[in-house]
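One structure is given below, encoded as structure tokens.
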Amino acid sequence: MTDYNNNIDSNDICKAFFYSAPRWIEKLLDVRNSIVAVLGLKTSDKPGDPKTQLENFKCEPGEQLGLFKVYSKNENEVILGEDDKHLNFRVSLFLDGAISEPSRKIITISTTVEYNNWFGRIYFLPVRPFHKLIVPAMLKGIIKDLEKRNL
């Protein structure tokens, strides 16, 4: 969670989420995709230019970018995620106004994982330590991207 001072909305946060991934996270996802493809799990490999895909992405419910499908969106929150045979995950990108300063915004990233079977639990064991590094890095990246774009 972090404070952010500006007139940003959930669409800005959603776009920043995808624009801001540090390179090391992208590399981890590449490794993950190579491994899980053999196991028949969903991967984020999509044909075409990722930059063009991101530019055309509207962050609307039902849209998918990489491994992340938009499940819902309102002015304060976007919920992304994916359902697979081993587990389902969701990422909430929540934007809230600070009570003491109405012009100040608070950005919160929350994640949930629901295991569908024993394989989901085993799969997530080596993922969990990386997850604890990825979420704060993504939040920092979102802030940096918003500041760079002067939002």
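Seen from all directions on average, the range 2-148 presents a Cα convex hull projection of 9.1 nm². Whole-Hz Karplus values for the range 56-72 come out as 8, 6, 9, 6, 9, x, x, 6, 10, 9, x, 8, 9, 9, 7, 8, 7 Hz, taken residue by residue from phi with 6.51 cos²θ - 1.76 cosθ + 1.60 and θ = phi - 60°; glycine and proline positions read x. Here the simple spin-label model places points 7 Å from the Cα toward Cβ, and for S110 and H131 these points are separated by 1.5 nm.
Each Lys or Arg adds one and each Asp or Glu subtracts one; over the other residues with Cβ under 14 Å from the Cβ of K58, this totals -2. When each of the peptides 64-70, 53-59 is scored by how many other beta carbons lie within 10 Å of its residues on average, the order from highest to lowest is 64-70, 53-59. Legend: calculated FRET efficiency, E75 to L28, from the Cβ-Cβ distance at R0 = 30 Å, rounded to 0.05, equals 0.40. Projecting the Cα atoms of N7, A137, L54 onto the dipole axis of the range 2-148, where Lys and Arg carry +1 and Asp and Glu carry -1 at the beta carbon, places A137 farthest toward the positive end.
Any read-out appearing in this document is the output of simple, stated calculations on the displayed coordinates, not a laboratory observation. Everything quoted here is computed from the prediction, not taken from an experiment. Cβ sites come from the backbone with ideal geometry, for glycine too, and all protein chains shown count toward neighbours.
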